[in-house]
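J.: First the structure, which I've put down as structure tokens, then a few questions once you've had a look.
We did not get these values from a lab; they are worked out from the coordinates using the rules stated. Bear in mind that the values here come from a model prediction, so they are computed numbers and not experimental data. Cβ sites come from the backbone with ideal geometry, for glycine too, and all protein chains shown count toward neighbours.
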Amino acid sequence: MASLTIDHLIGLDGVPREDIALILDTTDTFLEVLDRPVKKVPTLQGKTVVNLFFENSTRTRISFELAERRLSADVVNFSVGTSSVSKGESLLDTARNIEAMKVDMVVMRHSAAGACEFLRRRCTSRFINAGDGAHEHPTQALLDMFTLRREFGTLEGINVCIVGDILHSRVARSNMFGLVTMGANVAVCGPPTLLPRHVDRLGVRVFTDIDEALAWCDAVNVLRIQLERRAGGYFPTLREYHDVYGVTAERLDRLSRRIAILHPGPINRGVEIDSDVADGPQSVILRQVTHGVAVRMAVLYLLGTKTE
Ligand code: CP
């Protein structure tokens with residue numbers, strides 16, 4: 001049976017093509033499970049997974065919990081607001097105490113880049129990064145890639161543009177690493193102030209004109225402006241951002257062909273994307289969410305059953 005070379009999923013930077021392909025192929029199998037009347041398999045029976053969320057989440061958290069339960073794992077949810085972190089307990093003490101209760105896997109979200117890797121080095125469980133600051137969000141990129149692969153039949157040679165707040169986006173970084181590894185042509189587009197310096201060194205093309213970017217790509221992955229990371233200070237107003245970089249029906253109508261519209265969520269309607277585009281026929285946004293459960297089942301299964 002094929003096995004991953006990685007022992008943890010911290011990011012897609014450096015993850016071999018064979019590992020990504022194995023996760024995407026395994027996702028196909030689990031997507032079929034999700035279509036069955038009984039959406040459950042005994043694969044992770046006897047394993048315990050802790051969802052360690054230090055930052056808010058809707059999609060990722062629910063998706064991981066559903067994936068774990070559908071694999072028959074025992075699931076423990078940790079929320080920072082109701083934990084002893086509020087009494088001053090450190091990140092490391094929190095993790096070591098949870099691990100002392102004999103858990104097998106930790107799914108972790110944190111607002112600090114590197115937090116997941118920090119704990120991975122100091123603990124013995126298997127770690128899956130569910131988003132760490134502006135660093136990486138590997139399972140989001142995997143579900144984006146899985147959605148693109150189903151849409152186009154392949155990732156090799158397709159043109160994918162990521163639009164928006166690239167500077168603060170862990171989703172953009174994981175997508176760039178993963179898509180480039182899988183042979184897609186990748187571009188980023190946004191205000192120059194929201195593009196990381198030297199981003200082209202990651203093997204991606206850079207656009208600052210949204211209309212040129214949309215004319216180039218087969219699929220656009222639209223990112224929200226991360227106001228919680230103070231991205232609002234990088235351009236004059238949200239209204240101006242929408243006028244210059246918003247993905248609108250008018251812009252799509254001017255193209256000579258149909259492109260696929262992705263968005264990792266949460267959406268700020270009327271800012272980076274209009275409602276008629278987000279809810280329109282070219283949108284695959286809710287399909288991404290469905291695929292997210294199957295992708296996470298694949299990652300949990302492949303890491304949870306891996307022998308040393
Ligand atoms: N895409 C994503 O990470 O969404 P949540 O913050 O709701 O998990």
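J.: Using the beta-carbon distance between residue 112 and residue 38 and R0 = 41 Å, what value does 1/(1 + (r/R0)^6) give for FRET efficiency, to the nearest 0.05?
T.: After rounding, the FRET efficiency stands at 0.55.
J.: To the nearest Å, what is the center-to-center distance of the range 249-308 and the range 46-70, using C-alpha atoms only?
T.: If we compute the Cα centre of each part, the gap is 19 Å.
J.: Could you tell me the distance between the Cα centroids of the range 169-212 and the range 75-116, to the nearest Å?
T.: Cα centroid of the range 169-212 versus Cα centroid of the range 75-116: 32 Å apart.
J.: For q = 0.11, 0.15, 0.19 Å⁻¹, what log10 I(q)/I(0) does the range 138-288 give under the Debye formula with an equal point scatterer on each alpha carbon and no solvent?
T.: Scattering profile of the range 138-288, log10 relative to I(0): -0.35, -0.68, -1.17.
J.: A further question follows. Write out the cysteines belonging to the chain for which the nearest other cysteine Cβ is not under 4.7 Å, or none if no such cysteine exists.
T.: Result for the chain is 116, 123, 189, no neighbouring Cys Cβ within the cutoff.
J.: Quick one: what Rg and Dmax do you get for the range 6-148 from the alpha carbons, in Å?
T.: Final numbers for Rg and Dmax: 15.2, 45 Å.
J.: In the neighborhood of residue 185, defined by Cβ-to-Cβ distances under 12 Å, what is the net charge if each Lys or Arg adds +1 and each Asp or Glu adds -1?
T.: Taking every Cβ under 12 Å from that of residue 185, the sum is -1.
J.: Now for a separate question. From the helices alone, meaning DSSP H stretches of at least four residues, give me the mean residue ellipticity at 222 nm for the chain, per-run term -39500 (n - 2.57), in deg cm²/dmol to the nearest 500.
T.: My calculation for the chain gives -11500 deg cm²/dmol from helical runs alone.
J.: Given 0.36 nm per residue, what is the gain on full extension from residue 276 to residue 243 after removing their alpha carbon distance, in nm?
T.: Once the chain is fully extended between residue 276 and residue 243, it gains 10.3 nm.
J.: Another question, then. For the residue pair residue 121 and residue 1, what label-to-label distance in nm results when each label sits 7 Å from Cα along the Cα-to-beta-carbon direction?
T.: 3.3
J.: Name the residue from 259, 158, 278 whose Cα lies farthest towards the positive end of the charge dipole of the chain, charges +1 on Cβ of Lys and Arg and -1 on Cβ of Asp and Glu.
T.: 278
J.: Another question about this same structure. Rg (Å, one decimal) plus Dmax (Å, integer) for the alpha carbons of the range 94-217?
T.: Considering the range 94-217 through its Cα atoms, Rg and Dmax are 16.8, 54 Å.
J.: If you wrap a convex hull around the alpha carbons of the chain, what volume per residue comes out, as a whole number of Å³?
T.: Cα-based convex hull of the chain, divided per residue, equals 136 Å³.
J.: Take peptides 134-145, 174-185, 18-29 and line them up by average Cβ neighbours within 10 Å, highest first, as a rough protection proxy.
T.: Ranked by mean Cβ neighbours within 10 Å, highest first: 134-145, 174-185, 18-29.
J.: Quick one: net charge around residue 288, please, counting Lys, Arg +1 and Asp, Glu -1 for every other residue with C-beta under 15 Å from its C-beta.
T.: Local net charge: +3.
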